[in-house]
Amino acid sequence: MRIELNNRRNTAAFLVISLALALPYLWLVQQHYRAAASTTDLSLDGLQQAVHWEPANADYHDMLGRYYLFVAQDATQGAEHFQRAAQLDSHSSRYWLDLATAKGLLGDTSAQRAALENALRVDPKTPKTAWEVGNFFLVDGNVERALDSFKAVIQYDPVSVRPALDLCWRATHDVNMILAHAMPNELGPHLELLRLLYEQNQPEAAMIAWRALVGLNQPYKVTDAMPFVEYLIYQRHIADAQEVWSSMAKLSPSLRPATSDGNLIVNGNFDEDIIPGGFSWRLQPPALQSARVDDQEFHAGTASLALEFTGPAFADYGLSQLVPVKPNQLYELKVTAKSQEITAAEGPRLMVEDPKHTVIAKGNEWQGTHGWDEQSIMFTTPPGTQLVRVYIGRETGAGLIRGKLWVDEFRMYER
């Protein structure tokens, strides 16, 4: 319908109608402005006025409830306003969490539980919500429900993964329960659980966590698992260390023997990158500074390891590898080497020692200049021995030494 405004009567009528339509909106704007202005100083009078001007605003009820709870120390009044806020907006987890806090202070456990369950229902993936709910169920004695809640914290808050796992472990000391209820199917949390357990010296639980990690079938960095192997070796859990190493070796050729004929030496041809630790090569001074992979001089494969002696005496050159063995078992250790102008009263040699640092086998000295030549050592492991250390060293370590030695084709076999 078109209204002609070409006379005073029509113009007046139009203005009256427009004003009538605008007044409710203006009134609402005024109410909202007055309510917002009342909350600026967060005083009790101001917050009460805000609720008076906008009684259907859930946020104002929650703010007033917080004042009563934290400032006035009146949990009853606080709970009333939190309840009203949750009724006005039941999809806000914050209102339910505030209500749960007030009900908890009032000792109303049933109402606290119901409020927390509502918070988790409307906001299941927010770590803060899950953390509060999990802690309540933990105190309430419902451990499985607590772990179910902590799962969201572990999955969605990287910063809180370790604290949440630590709390789960202290509450249960049951790695299977943690894996069943609190652990998402993600690599990161599994690695963190593994670290937590071996750092707390829990080898059996750590192995359960490791097997769960492997069961994910998700690739991981072998360097992330190397400290666990080191821990197992240190604790003399050699069979477990071998199990972990076997899984790691599937991901990296650097952790495998160069031959598949029963050879026990890892990366004995030095064709792969050296990843130190575990049952791989270990490099310590002086080898750490003076040994290098040489892809120009080798006997087999594509490289050898060049060792340079620059003068200082040593008993242990710092190149070694730990090898799992059986007690009372005969073994043959082989290496191919080439020397150049080695000058010393006592030359370097291939040596084998047991965990007590007792030398149980040694090869011939390398002296002077010689072409590639294979050296073999036969030895039997002492009773109870599960691990030997193969290394380059000298019997006494006395005297200066100069020259160069290339080593290649390390192999060790059960005989």
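Just so it is clear, none of the values below were taken in a lab; they were calculated from the coordinates. Just so we're clear, the structure is a prediction, and the values are computed from it rather than from any experiment. Neighbour counts are summed over all protein chains in view; Cβ atoms, including those assigned to glycine, are modelled from backbone coordinates with ideal geometry.
For the reader, a short list of remarks on this structure follows.
- Neighbour counts of other Cβ atoms within 10 Å put E341, E409, E80 in the fewest-to-most order E341, E80, E409.
- Computed from Cα positions, the angle between helix 222-234 and the longest principal axis of the chain comes to roughly 60 degrees.
- When you restrict to C-alpha pairs under 8 Å that are six or more residues apart and normalise by the size of the chain, the relative contact order lands at 9 percent.
- Packing-based exposure ordering (other Cβ within 10 Å, fewest first) of E54, E308: E308, E54
- Positive-pole candidate from A100, A111, F136, dipole of the stretch 47-176, charges at beta carbon: F136
- In terms of other Cβ atoms within 10 Å, Y67, Y234 run from fewest to most in the order Y234, Y67.
- The stretch 203-261-the stretch 377-415 distance, computed between alpha-carbon centres (Å): 25
- Matching label, mean projected area of the Cα convex hull in nm² computed from the structure shown, candidates [x] 36.5; [y] 20.4; [z] 30.7: [x]
- Gained length - E308 relative to D294, 0.36 nm times residue gap less alpha-carbon distance: 3.9 nm
- Helix 8-38 and the long axis of the chain differ in direction by around 50°, with both axes built from C-alpha atoms.
- Seen from A315, the other residues with C-beta closer than 9 Å to its C-beta sum to a net charge of -1, counting Lys and Arg as +1 and Asp and Glu as -1.
- With Cα atoms, 0 to 90° folded angle of helix 161-172 axis to the chain main axis: 90
- Added length on full extension, which subtracts the Cα-Cα distance from 0.36 nm per residue, T223 to E332: 36.2 nm
- Pairs of Cα atoms nearer than 8 Å and 6+ residues apart set the relative contact order; for the stretch 42-167 it is 14 percent.
- Only Lys, Arg, Asp and Glu carry charge here, each on its Cβ (+1 for the first two, -1 for the last two); on that basis the chain has a dipole of about 740 debye about its Cα centre.
- In range of the label at K128: residues from the stretch 145-159 whose backbone nitrogen is under 15 Å from the point 7 Å along Cα→Cβ: 153, 157
- Calculated FRET efficiency, T369 to Q200, Cβ-Cβ distance, R0 = 60 Å: about 0.65 to the nearest 0.05.
- One Cα centroid belongs to the stretch 66-137, the other to the stretch 293-340; the line between them spans 67 Å.
- Partners of K404 within straight-line reach, counting lysines whose Cα lies under 28 Å from its Cα and excluding those fewer than 8 residues away in the same chain: K334, K338, K362.
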